[in-house]
Amino acid sequence: MGAGEVLEGRLPEGSPARLRGWIHRKFVVGGKIFVRLRDSTGVLQCVIDRARVGDGVYGAFEEAKRESSIVVEGTVHREPRAPGGWELRVTRGHVVWPSEDFPIRGKEGVEFLLDNRHLWLRSTRMRDILKIKHTVLEALREYYRERGWWEVTPPILTGSAVEGGATLFKVDYFGEPAYLSQSAQLYLEVLIYSLERVWAITPSFRAEKSRTRRHLSEYTHFEVEAAWMDMEDMMRVVEETVEHVVSRVLEDRGRELENLGRDTTQLERVRRPFPRLTYTEAVERLRSKGVAMEWGEDFGADEEAALTRDFDRPFFVTLFPKQIKAFYMKEYEQDPRLVKGFDLLAPEGYGEIVGGSEREDSYEKLLARIREEGLDPKDYYWYLDLRRYGSVPHSGYGLGVERLVMWIAGLDHIRDATPFPRFRERLRP
RNA sequence: GCCGGGGUAGCUCAGCGGGUAGAGCGCCGGGCUGUUAACCCGGUGGUCGGAGGUUCGAGCCCUCCCCCCGGCGCCA
């Protein structure tokens, strides 16, 4: 039995109930103690009347501070004076473990709450976000499981840099330098030769000292790779995935979205097909709005924000100049200056949540690109081998789960999309 | 890394013509027969981020350092 079930009216008036939880708030007025009991399902008011429970129980609860763990038994009643319209009239109960003075009351600043993250995670807000993230992960898995894609487990410890080198976390691997993974992509590409359509959820790490509301040093990376798919095929997969996740969250987490003050009409618009424009069209569109930008530059924060204001649902930008994208993206057949990459940008200023591409499947072209980037082909021998032994057209994408959660939940900072955020020098708790 | 803002009571902040620190909340004690982030009365509480310096005197001025917040770059 949980507080949330009582608040939903699942028990008839007068039913007996036993609840376990923590004291969320407490008011002592006259001969009664109003204890707001919090558990994983919600917060329910419990009334402890000295005349009903006796001096012993009454005294124990009178002493108990916020966040003490408690067990109470009684009967549930409709009560207009209680928050949520229901309360428990306690007949028995006890304090399991008392709490010291709880340091968080709700007006604390960002730094204090981060230092006390282990306690702040008990808040209604964090609980709502954690539940939304759960549903996002569940919906992602559900989409691919139902369609027969294989879940795989790529490594986190890697022996060489995948993309750049500057943003890798270096670790000591039995005396040899190793790095924490930034992306499982290259390993997923290996695995499609075995399973054809694969996906993985792994932590990814970026050592960049980012100072923005959209970056974490450690984040949850949802990555997908499939043989025989071109860029268009993969964009359709992305569309369906995002639509599925958003509708699942609307279905299952309506109350949490409401608690967080999320405008769900924005989410209800997330329906296929998503608008798409090429990089070149995006540059022209920005220029027509007076944004100074050269073809061949990557979008900065201002450019991206200006673009997202034009759309009321997620949209794709495709076919980027080769020089601003990673070496593994496939050259566009109709224009060798371009690669077949795509980004999915969320509206309302949230920006990029997915990055994907068709991968270069020609051995010669891939080798040339690796050299152009100044990378050592020896580090990529196994990746290059894939193009020597029955190379196959294939595509994939990566999705930042925290960014998706941030957008869906309407958060103003990515740090709240994960229970233990890692960024800058913050490593504790 | 760069630009901007900030570190004063447990928390959120005020204090600046340089004269030796204040409020609200919390906490402690008391009161209140239904509270809603309760209310009323009394009390408690500070190496003013750190180290130097200027000065008769520094939270306030100067120098260096540390930490935090917002933004940029980079990206998912």
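Rounded to the nearest 20, the Cβ-based charge dipole of segment A:3-97 about its Cα centre (Lys and Arg +1, Asp and Glu -1) stands at 140 debye. Can you work out the base-10 log of I(q)/I(0) for segment A:263-394 at q = 0.14, 0.15, 0.17 1/Å, using the Debye formula on its C-alpha atoms alone? Values returned for q = 0.14, 0.15, 0.17 Å⁻¹ are -0.71, -0.78, -0.92.
Distant-in-sequence amide contacts of A:Lys330, defined by a placed amide H-H separation under 5 Å and a gap of 5 or more residues or a different chain, comprise A:Lys340, A:Glu358, A:Arg359, A:Glu360. In summary, the lysines within cross-link reach of A:Lys322, defined as a Cα separation below 16 angstrom excluding same-chain residues under 8 places away, comprise A:Lys330, A:Lys340, A:Lys365. Would you mind working out the accessible area per residue for segment A:117-417, using a 1.4 Å probe, and quoting it in Å²? I get 45 Å² per residue for this part.
Three principal axis extents of segment A:335-408 based on alpha-carbon atoms, in descending order, are 43, 26, 25 Å. Residue by residue, segment A:185-194 carries 3J(HN,Hα) couplings of 3, 5, 6, 5, 4, 4, 6, 5, 6, 9 Hz when phi is fed to the Karplus relation 6.51 cos²θ - 1.76 cosθ + 1.60 (θ = phi - 60°); x denotes Gly or Pro. Estimated from helices alone, the mean residue ellipticity of chain A at 222 nm is -9500 deg cm²/dmol (sum of -39500 (n - 2.57) over DSSP H runs with n ≥ 4, per residue). When the inverse distances between all different Cα atoms of chain A are averaged and flipped, the Kirkwood radius reads 24.5 angstrom. Extension gain for the segment A:Arg213 to A:Lys365, taken as residue separation times 0.36 nm less the Cα-Cα distance, is 51.0 nm to one decimal. Need one number: the % of Cα-Cα pairs in segment A:210-316 sitting beyond the 17 Å mark. It works out to 68 percent of all Cα pairs. Which angle between 0 and 90 degrees, to the nearest 10, do you get for helix A:279-288 versus the longest principal axis of chain A when only C-alpha atoms count? Tilt of helix A:279-288: around 70 degrees. The alpha carbon convex hull volume per residue for segment A:3-97 rounds to 80 Å³. Site pair A:Glu294 and A:Glu373 shows an inter-label distance of 2.3 nm when each label is modelled 7 Å from Cα along Cα→Cβ. Given the Cα atoms of segment A:274-331, and with Rh set as the inverse mean 1/r over their pairs in the Kirkwood sense, what is Rg to Rh to two decimals? Radius of gyration over Kirkwood radius for segment A:274-331 works out to 0.96.
Using a probe radius of 1.4 angstrom, the carbon and sulfur fraction of the accessible surface of chain A is 49%. Excluding same-chain neighbours fewer than eight residues apart, the lysines reachable from A:Lys170 by a Cα-Cα span under 25 Å are A:Lys209, A:Lys325, A:Lys378. Across all directions, the average flat footprint of the convex hull enclosing the Cα atoms of segment A:191-236 is 4.5 nm². Within the same chain, lysines fewer than 8 places from A:Lys107 are excluded, and of the rest, those with a Cα less than 20 Å from its Cα are A:Lys26, A:Lys65.
Only Lys, Arg, Asp and Glu carry charge here, each on its Cβ (+1 for the first two, -1 for the last two); on that basis chain A has a dipole of about 1820 debye about its Cα centre. How far, in degrees from 0 to 90, does helix A:124-146 lean away from the longest principal axis of the Cα atoms of chain A, to the nearest 10? Rounded to the nearest ten degrees, it is 50.
Taking the longest Cα principal axis of chain A as reference, the axis of helix A:231-252 is set at about 0 degrees. With a Förster radius of 51 Å applied to the C-beta separation of A:Gln323 and A:Met126, the computed FRET efficiency comes to 0.75.
Ranking of A:Ser357, A:Ser69 by solvent-accessible surface, largest first: A:Ser69, A:Ser357 (1.4 Å probe, protein heavy atoms only, all chains present).
The values are calculated or read from the model by the stated rules, or taken from the named source; none is laboratory data. Computed from a predicted model, the values in this text were never measured in an experiment. Cβ coordinates were reconstructed from backbone atoms using ideal geometry, including for glycine residues, and neighbour counts include every protein chain displayed. Ligands, DNA and RNA are excluded from the accessible area calculation, which covers all protein heavy atoms including side chains. Shrake-Rupley method; radii C 1.70, N 1.55, O 1.52, S 1.80 Å.
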